[in-house]
Amino acid sequence: MKRLLSLFGLTMLLIVMTGILTAAAPLPTIVVVDGLPLTMHVGETHVVVVQVESTERFISATALPSFQFPGKGVVAVQGGDRVGSDVSATLEVTFKAKSSTAEFPTGGAAAVHVVVGVRYGGGYVVVEDFVFPVTVLP
């Protein structure tokens, strides 16, 4: 019985500590200031701008491109954007319409992603994925 009460007490302590640690985790605000348009023409470029705001200092913030059809439709001009330690960051990723999406199996649109990650001390990372369906016209 004593062992059962001890196990119960330890379990309750773990539950309370988990709640405290989870509540203390920072949660930044990640907002797309300027996204990709629904339609682009071959050769056109557009910059996606993302704003990160945090009440606690982060180690770094990064925005990276990702694609449903890599190398086709819409491509990234550069590999992404990163800033170091701060409480605020403006991240930019430049995209270029490379080829028409008319023959894509998705009905003429390509899903273009901007993945934003904010890293804090202790290995805590917040990630947000923004998806833009883009149709590229000739």
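The values are calculated or read from the model by the stated rules, or taken from the named source; none is laboratory data. In this text the structure is predicted, and so the values were computed from the model without any measurement. Using ideal geometry, Cβ is built from the backbone for each residue, glycine included, and neighbour counts are taken over all protein chains shown. We work out accessible area using only protein heavy atoms, side chains counted, and drop any ligands, DNA or RNA first. Shrake-Rupley method; radii C 1.70, N 1.55, O 1.52, S 1.80 Å.
How would Glu103, Glu92 line up by accessible area, probe 1.4 Å, largest first?
Descending order: Glu103, Glu92.
Among Leu137, Leu91, what's the order by accessible area (1.4 angstrom probe), most exposed first?
Ranking Leu137, Leu91 by accessible area, largest first, yields Leu137, Leu91.
Full extension from Val131 to Asp34: what is 0.36 nm times the residue separation minus their Cα-Cα distance, to one decimal in nm?
The Val131-Asp34 span can extend by a further 33.7 nm.
Given an 8 Å cut-off on Cα distances and at least 6 residues of separation, report the relative contact order of segment 87-138 as a percent.
With pairs under 8 Å counted, the relative contact order is 39 percent.
Please give the solvent-accessible surface of Glu56 in Å², to the nearest 10, using a probe radius of 1.4 Å with every protein chain present.
Per-residue accessible area (Glu56): approximately 80 Å².
Compute, for segment 32-138, the length of the dipole vector about the Cα centre, with Cβ point charges of +1 (Lys, Arg) and -1 (Asp, Glu) only. Units Debye, rounded to 20.
It comes to approximately 280 debye.
I want the local charge near Val87. Using Cβ-Cβ distances under 12 Å, sum +1 for each Lys or Arg and -1 for each Asp or Glu among the other residues.
That sum, taken over residues with Cβ under 12 Å, equals -2.
Starting at the first residue of segment 45-60, write each ³J(HN,Hα) from the Karplus equation 6.51 cos²θ - 1.76 cosθ + 1.60 with θ = phi - 60°, in whole Hz, x for Gly and Pro.
In residue order, the calculated couplings are 10, 8, 9, 8, 10, 10, 10, 10, 10, 9, 7, 10, 5, 9, 6, 7 Hz.
Need one number: nm distance between label points at Thr55 and Tyr124, each 7 Å from Cα along Cα→Cβ, rounded to one decimal.
Between Thr55 and Tyr124, the label points sit 1.1 nm apart.
Starting with the highest mean, order 57-66, 76-85 by the number of other Cβ atoms within 10 Å, averaged over the residues of each peptide.
57-66, 76-85
In segment 63-138, what percent of the accessible surface is made up of carbon and sulfur (1.4 Å probe, ligands and nucleic acids excluded)?
With neighbouring chains kept in place, the figure for segment 63-138 is 55 percent.
Out of residues 5 or more away from Gln68 or on other chains, whose amide H comes under 5 Å of its own, with H placed 1.01 Å from N in the peptide plane?
Ala111, His113
Using the Karplus curve 6.51 cos²θ - 1.76 cosθ + 1.60 with θ = phi - 60°, what ³J(HN,Hα) values do you get for each residue of segment 25-42, in whole Hz, with x for Gly and Pro?
5, x, 10, x, 9, 10, 10, 7, 7, 9, x, 7, x, 5, 10, 10, 10, 3
Note the full-extension length gain between Thr90 and Lys72 as 0.36 nm times their separation in residues minus their Cα-Cα distance, in nm to one decimal.
Using 0.36 nm per residue and subtracting the Cα-Cα distance, I get 3.8 nm.
Leu27 to Arg82: extension gain in nm, 0.36 nm per residue of separation minus the Cα-Cα distance?
18.0 nm
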